[in-house]
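Since the structure comes first, as structure tokens, the remarks are kept for the end.
The values are calculated or read from the model by the stated rules, or taken from the named source; none is laboratory data. Remember, it's a predicted structure, so these values are computed and weren't measured experimentally. A quick note on method: Cβ atoms are made from the backbone with ideal geometry, for glycine too, and the neighbour counts reach across all protein chains shown. Each accessible area value is taken on the protein alone, full model and side chains, heavy atoms only, with ligands, DNA and RNA left out. Shrake-Rupley method; radii C 1.70, N 1.55, O 1.52, S 1.80 Å.
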Amino acid sequence: DPLPSWQNTGPRAAILDFVGRVSDPDHADFVPAPERIAVFDNDGTLWSERPTYFQLLYARDRLNQKAGEDPALLENEVMRAVAEGDWDGAFSGGYEGLIGVVTVSHSGMTVEDFQTDVREWLAAARHPETGRRYTDMVFTPMLELMALLRDAGFTVWIVTGGGVHFVRAFAAETYGIPPERVVGSTGPIEYRAEPGPPRVFKLPGLEFM
């Protein structure tokens, strides 16, 4: 049974029927393997988004860490709301307000350093309700579906409103999706040829949503 955690309902039957048809070379609906592409969202589809987006929880922790060194950061209402876990207040400023939070927590470092920090946070942080790691808060039915699609010759991608560098930090280990198959939001970046190997730095702001 390729989908053991799925209930025996219409959607499950439709998925199995579809995958069978498009991967059967003798069927009229056959699709050549290079054209079999499956695309998933991340937040709320592959892993939970409660009590809020997990990337925002990362931003909160890093904001509080930096506010310990610079308390003036919390004079901004949205930043103070995020720091306190007041999610209604955090979203009251819209994207403009959240960009300020992301600027503080996600920029001023190389992509490699940022992803190392994300992995360290994911290893240590725990969900406030379940006590589990955030990368354990993934939906088993979706993992099964991705495995079914891969076995049927599909290339599986993530296209997400979440940060591309954030999701790429864990997608391979958690979902079996390599980083180059993750498309997501990004801020400005800068290529710097410094002493040693050239590196890519994350800059403040939002370039692509």
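A few remarks follow.
- Pair list, Cβ < 7 Å and 6+ apart or interchain, from region 65-92 residues that are in contact (Cβ under 8 Å) with a residue 12 or more places away in the chain and crowded, with 16+ Cβ neighbours inside 10 Å to residues that are in a loop (DSSP other than H, G, I, E, B) and β-branched (V, I, T): W87/T52
- Looking across region 193-209 at every residue that is assigned to a strand (DSSP E or B) and of a type outside the set (D, E, K, R), the one that is most open to solvent (accessible area, probe 1.4 Å) is identified as F208.
- Residue match in region 155-173 (condition: in contact (Cβ under 8 Å) with a residue 40 or more places away in the chain, open to solvent by less than 60 Å² (accessible area, probe 1.4 Å) and more than 17 Å from the chain's Cα centre (by Cα)): yes
- Residue in region 132-139 that is part of a helix (DSSP H, G or I), more than 15 Å from Y53 (Cβ to Cβ) and at pLDDT 95 or above present: yes
- When G205, G176 are screened for being at positive phi, modelled with pLDDT of 95 or more and of a type outside the set (S, T, Y), only G176 passes.
- Residue within region 143-150 that is over 25 Å from L73 (Cβ atoms), among the hydrophobic types (A, V, I, L, M, F, W, C), out of contact with any Asp or Glu (no Cβ under 9 Å at 6 or more places or on another chain) and open to solvent by 50 Å² or more (accessible area, probe 1.4 Å) present: yes
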